[in-house]
Each structure stands twice: as structure tokens, then as C-alpha cells.
Amino acid sequence: MERDFVPDVRTLTIGNKPVEPAGERWDVVNPATEEVIATVGGASADQVDQAVRAARDAFDGWAALSGEERSAAIHRLADVLESRTEQLLASIVNEVGTPVSLAEFMQVKMGLGHLRWQADAAKKDRTQHLGGYDVPVPTMSDVTHYPVGVVAAITGYNYPLNLAIFKFGAALAAGCTVVLLPSPRTPLTTLFFGDLSREAGLPDGVFNVIIGGADVGQRLSSHPGVDKVSFTGSDAVGAKIMEQAAANLSGVTLELGGKSANIVLPGCDVEDFAVEMHLRWSRNGGQGCAALARLLVHESLYDRFLEAGAAAFDQMKVGDPWDPATNIGPMIRPDHRERVQGFIDGSLADGGEVLLSVDDPLPDKGYFINPVLLGGLPHTARAVQQEIFGPVAVILPFRDTDEAIRLANDTAFGLAANVWAPDLAEGRRVAERLRAGTVWINGGGAMRPDAPFGGSGRSGIGREIGEWGIHEYLEPRHIQWRV
Ligand code: NAD
């Protein structure tokens with residue numbers, strides 16, 4: 001394992017060429033050590049324009065290729081990325097601070113599995129035959145599709161490889177060209193992709209990588225040469241993106257935050273899953289959009305659940321992400337750690353209490369914070385309603401299943417939920433009443449490449465992954481002829 005590996009690529013990728021950045025410079029910090037691991041330069045306003053122009057120029061040629069040709073090109077990219085699995089893994093551990101025990105599957109293997117699926121999906125014929133229609137004259141109709149055009153793909157910091165693949169894999173498969181802009185806090189893995197895309201021999205301009213802060217994101221998402229903005233990040237920035245894209249009436253796909261409910265119905269054997277539940281919401285330090293950190297537990301099981309879950313907090317190890325025993329890494333930056341701590345302090349000041357916690361001394365360096373389960377808060381409390389994005393969960397008891405469903409749906413978000421149910425039929429009944437883009441029953445499973453992901457309300461607009469993700473980058477075209 002190349003644990004010190006940090007990609008040495010500092011050039012943007014525009015029109016398949018490495019380009020020296022001409023914009024603002026900043027340091028990239030390893031959040032586990034506080035060391036500066038790279039200094040990078042962002043795109044200037046001109047370079048944003050150049051990247052969009054390169055994607056525009058490449059669009060007609062890429063869209064005109066057959067599905068088989070695009071599929072082969074995306075598979076070649078996947079081959080190159082796969083040949084660098086170890087380096088991608090190290091890059092993510094060092095810039096995001098994700099524990100290596102989690103990163104290998106959740107940050108690298110899963111993303112590459114999705115890219116393979118998207119490469120195959122490029123070949124699919126999506127023509128729909130609507131058949132005949134007789135008013136006022138007999139006709140037949142088909143619906144075919146054409147690619148949306150140039151896609152601006154803007155990603156959040158927490159899963160740099162996966163979030164990018166969900167966007168560019170689907171967009172390329174659909175016949176779109178891409179300008180990818182990662183979070184300025186974790187740009188290194190994405191700059192590295194740019195280099196690897198050249199090695200994979202993607203046609204010039206099909207896949208462009210630029211980096212920068214909010215100003216670069218603003219220019220890109222409001223650019224008249226962009227047809228679609230696909231964004232993953234916070235709801236606050238998502239709202240700005242929508243406004244910026246509105247100037248050109250560009251479409252948006254928004255994958256935003258969540259406050260996902262984790263319901264424990266009466267009749268469950270909490271001892272079977274309480275530990276798993278806690279280890280899951282706290283993984284990646286709670287920096288997961290679908291973290292199931294709002295625990296709604298039937299009042300008959302509340303004490304038993306707390307008792308059974310205590311062992312999870314003994315198993316939580318906060319610290320060096322390279323230690324295979326670590327399961328909680330650092331927060332991305334000190335201001336984010338302070339924000340998370342603010343939720344804990346504010347909850348305690350408002351009468352909440354810490355019910356379970358890790359109290360081990362934290363490493364001297366790194367933006368670490370110990371996991372906490374908070375209780376005694378009303379459903380309206382800030383920590384219950386807002387996304388914390390740290391290793392903090394809240395627990396509330398409920399009286400009956402109707403109340404659990406009402407509480408679960410009573411947030412501004414609608415991203416994900418989990419139902420622990422005594423039997424599958426009861427789990428399904430509850431799942432069907434939840435306003436969430438993904439509902440797991442009894443823990444569910446991994447993110448499938450063929451299932452949609454995304455949410456409603458402040459969790460976003462549209463879906464990524466699977467056919468739903470591909471359709472975000474396609475326009476339907478109705479073709480009608482007389483018979
Ligand atoms: P963020 O909103 O702070 O930043 C995301 C990106 O937006 C960054 O690249 C940033 O540079 C860019 N940006 C900032 N201002 C901009 C502007 N005005 N115009 C254009 N771009 C701008 O998000 P983050 O802190 O990096 O990521 C965490 C958030 O992402 C959480 O809310 C999390 O729930 C969400 N997320 C959602 C999903 C999902 O699939 N639903 C997945 C992962 C993360």
C-alpha cells in the first residue's frame with residue numbers, strides 16, 4: 001500500500017491537454033495530520049471558458065459515436081483507473097481522511113463497479129415504441145433520446161471518486177461531454193483523474209477537469225455554454241446553483257444533504273442490530289449524505305436499545321485513518337469540526353444529554369471529534385432537524401408506528417431512511433409511507449449501480465445512478481409518422 005502517495009498532478013485537463021492553472025492558489029491539507037500535502041492552482045475565468053469551449057467543441061463528435069464506441073472508451077477509462085486502485089485509495093485516505101478500512105470498498109471499488117455498469121449502459125437502445133394513435137389521422141410514434149449537451153459536474157468533498165463517477169460515467173454514457181469541478185478541499189484525486197483520462201485516450205475535450213472555489217463554480221454553473229449542471233453538495237449551495245443555472249435555463253440535477261431516519265419498530269430484537277446501526281451512521285466520521293443519524297426507537301425498546309448499542313461505542317476507534325482498526329477519521333477542516341461541536345454544545349445547553357459517547361483522548365493533530373449519541377431533545381431541535389455531517393446522532397422515542405412515520409417524514413429533507421422491522425411485510429408497509437429516495441429495510445445493502453439514488457425536498461432534484469442517472473443526461477425525442 002502506497003500510504004504516502006499524493007498525486008503529483010497539478011495541471012488542469014482542458015481539451016485533453018495538461019494546462020497550468022492561472023487562477024487562485026491554495027493549500028490542500030491532510031485533515032488527519034494537519035500537514036499541507038499539496039499546493040494547487042485553480043482555473044482562471046478564462047480557463048473556465050476554455051474548458052467549456054473544449055467540451056462544446058467535442059460534443060458533436062462524441063454524441064455521434066455509436067453506443068458501442070462510447071462504451072469501449074469508458075471501459076478503457078475504467079481499465080486505467082483500475083490499474084491505479086492503490087494510488088486512488090491512498091489519495092482519498094490522505095485528502096479526505098477516510099479510514100482505509102472503509103475507503104477500499106466504499107470509496108474505490110464501489111465507484112469503479114459503477115463506472116463499469118455505466119460503460120455497459122452506453123450500449124443500451126432506449127427507443128420506446130408507442131404504437132398507433134388515430135386522432136385526427138392514423139400515426140405511429142417512437143420515443144428516442146438525444147444527449148443534453150455539455151455537463152458541468154460539481155462535487156462535494158466526502159467521496160471524491162464516487163461522486164465524480166456517478167456524474168461523468170452517466171453523462172459520457174449518454175453522449176454528453178463534461179467539465180468536472182471537485183471540492184477545493186479535496187481536489188487531488190480529481191486532478192489525477194484528468195491525467196488518467198489522457199492515458200485512457202478519451203477523445204479531446206470529452207472530459208475536462210478544472211479546480212477552484214465558489215467563484216469558479218459560479219462561473220461554470222452560470223456559463224451559457226453549459227446545458228446541464230449536476231451538483232453534489234449542501235442544500236445551501238444547491239439553491240445557489242439552481243439560481244445560477246436559471247440564467248441560461250440550464251437543467252440541474254441536485255444531490256444534496258439529508259437527515260435520514262433510522263426507525264426501530266416494536267417487536268424487533270434490538271440486540272441483533274444496535275451495534276451495526278451505530279457503526280453505520282458514524283462511518284466516514286458521519287460525513288455521509290445518507291447517514292442514518294436520526295434514530296427513532298419505539299418506547300418499549302428504548303432502554304434495551306441503548307444498552308445493546310453501548311458496545312458499538314467501545315468498538316469505535318477515532319484516529320489515524322491508515323490504522324486498519326480505525327473506523328472514525330477526522331472532520332475535513334477545523335471550521336467543520338467547530339460546527340459539529342456547536343451542535344453538541346447547543347444541544348446540551350438546550351437540555352439535551354449525551355447518552356452514549358467515545359471518551360478516549362483524541363490525537364494531538366488532526367480535526368478529530370469523538371462520536372456522541374444525543375437524547376432528550378424535542379423533534380424540533382436544531383440537532384434533530386439539520387444535517388450535522390459529523391459523528392453525532394440523535395435518538396427519540398415514539399409511541400406507535402404512525403407517529404414514527406410522521407416524525408420520519410417531518411424534516412425538510414427526503415434522502416434516505418432505514419426501517420428495522422420484526423418482519424419484511426411490516427417493513428414494506430412502513431417503507432411505502434416514507435418520503436425518501438432510498439429506504440432500506442433491516443439494513444438493506446450496498447449502493448447498487450442499477451438503482452436510483454437521490455432525494456426530494458431539500459435533498460435535491462433528480463436522481464443519479466442506474467437508468468435514472470443516465471436519463472438525467474438525455475432528452476426524450478418524440479418521432480411521429482403517418483401510416
Ligand atoms: P458544499 O455545498 O460546501 O460544496 C460543494 C461544491 O460546491 C464544492 O465543490 C464548492 O466549491 C462548490 N461551490 C460552492 N459555492 C458555489 C457556488 N456559488 N456555485 C457553484 N459551486 C459552488 O458541500 P461539501 O461540504 O463539499 O459536501 C457536503 C455536502 O454534500 C453535504 O450536505 C452532503 O449531504 C452532500 N452530499 C450529498 C450527496 C448525495 O448524493 N445526495 C452525496 C455526498 C454529499
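We did not get these values from a lab; they are worked out from the coordinates using the rules stated. Values in this document were obtained by computation on a predicted structure and should not be read as measured data. Here the Cβ is made from the backbone with ideal geometry for all residues, glycine too, and neighbour counts use every protein chain on show.
Using the average count of surrounding beta-carbon atoms within 10 Å as a protection proxy, the listed peptides 387-400, 466-479, 294-307 rank, highest first, as 387-400, 294-307, 466-479. Reducing the stretch 3-78 and the stretch 425-460 to their Cα centroids gives an inter-centroid distance of 33 Å.
Projecting the Cα atoms of Asn94, Ala425, Pro324 onto the charge dipole of the chain (Cβ charges, centred on the Cα centre) puts Ala425 farthest toward the positive pole.
Counting only Cβ charges, +1 for Lys and Arg and -1 for Asp and Glu, the dipole size of the stretch 362-408 around its Cα centre is about 120 debye.
Listed by chain and number, the aspartates and glutamates placed with their C-alpha closer than 18 angstrom to that of Lys317 are Glu104, Glu276, Asp359, Asp360, Asp364; residues fewer than eight positions away on the same chain are left out.
Please report the net charge: other residues with Cβ closer than 12 Å to the Cβ of Ala90, K and R +1, D and E -1. Write out the running numbers ahead of the final one.
Numbers: positive: Arg3, Arg84; negative: Glu2, Asp4, Glu86, Glu95, Glu104.
Taking every Cβ under 12 Å from that of Ala90, the sum is -3.
Positive contributions from Lys and Arg (+1) and negative ones from Asp and Glu (-1), summed over other residues with Cβ under 14 Å from the Cβ of Asp402, come out at -2.
If you take every DSSP beta bridge whose two residues both sit in the chain, what share of them, in percent to the nearest 5, is antiparallel?
Details: 32 of 70 bridges.
If we restrict to bridges inside the chain, about 45 percent are antiparallel.
Whole-percent P(r), the stretch 196-268, all Cα pairs, 5 Å bins from 0: 3, 13, 19, 17, 13, 11, 8, 5, 4, 4, 3, 1.
DSSP beta bridges in the stretch 290-401, what fraction antiparallel, as a percent rounded to 5? List each step's numbers first, then the result.
Details: 4 of 13 bridges.
Antiparallel bridges: around 30 percent, rounded to the nearest 5.
Place +1 on the Cβ of every Lys and Arg and -1 on the Cβ of every Asp and Glu in the chain, take the dipole about the Cα centre, and give the residue among Pro31, Val226, Asn208 whose Cα lies farthest towards its positive end. The one lying farthest along the dipole's positive direction is Val226. The share of Cα pairs per 10 Å bin across the stretch 112-244, counted from zero up to the longest distance, runs 11, 38, 28, 13, 7, 3 percent.
Here Lys240 is the anchor, and the lysines within straight C-alpha reach of less than 30 Å, apart from those fewer than 8 places off in the same chain, are Lys167, Lys228, Lys259.
Rg/Rh, computed from the Cα trace of the stretch 197-353 with Rh as the Kirkwood radius, has the value 1.09. What does the charge count around Leu265 come to, taking other residues whose C-beta lies under 11 Å from its C-beta (Lys +1, Arg +1, Asp -1, Glu -1)? It works out to a net charge of -2. Given R0 = 60 Å, the distance between the Cβ atoms of Asp134 and Glu299 translates into a calculated FRET efficiency of 0.50. The mean of 1/r over all distinct Cα pairs in the stretch 142-219, once inverted, gives the Kirkwood hydrodynamic radius of 13.0 Å.
Remark: relative contact order (the chain) = 19 percent; criterion is Cα-Cα distance under 8 angstrom and separation of 6 or more residues.
Normalised by residue count, the stretch 1-156 yields a Cα convex hull volume of 166 Å³ per residue.
For a label point 7 Å from the Cα of Asp57 along Cα→C-beta, name the residues of the stretch 187-211 whose backbone N is under 14 Å from it. 203-208, by backbone N distance to the label point.
Structural descriptor for the stretch 321-376: relative contact order 38 percent, calculated from alpha carbon pairs under 8 angstrom and at least 6 residues apart. When you restrict to C-alpha pairs under 8 Å that are six or more residues apart and normalise by the size of the stretch 4-145, the relative contact order lands at 21 percent. Our Cα-only numbers for the chain put the radius of gyration and Dmax at 23.1, 79 Å.
Per-residue packing, averaged as other Cβ atoms within 10 Å, sorts the ranges 32-43, 112-123 into the order 112-123, 32-43, beginning with the highest.
Using 1/(1 + (r/R0)^6) with R0 = 56 angstrom and r between the beta carbons of Asp364 and Asp125, what's the FRET efficiency to the nearest 0.05? Intermediate results must be reported in sequence, preceding the final value.
Numbers: r = 59 Å, r/R0 = 1.05.
E between Asp364 and Asp125, to the nearest 0.05, is 0.45.
Rounded to the nearest 20 debye, the dipole size of the chain about its Cα centre is 1180 debye, using +1 on the Cβ of Lys and Arg and -1 on the Cβ of Asp and Glu.
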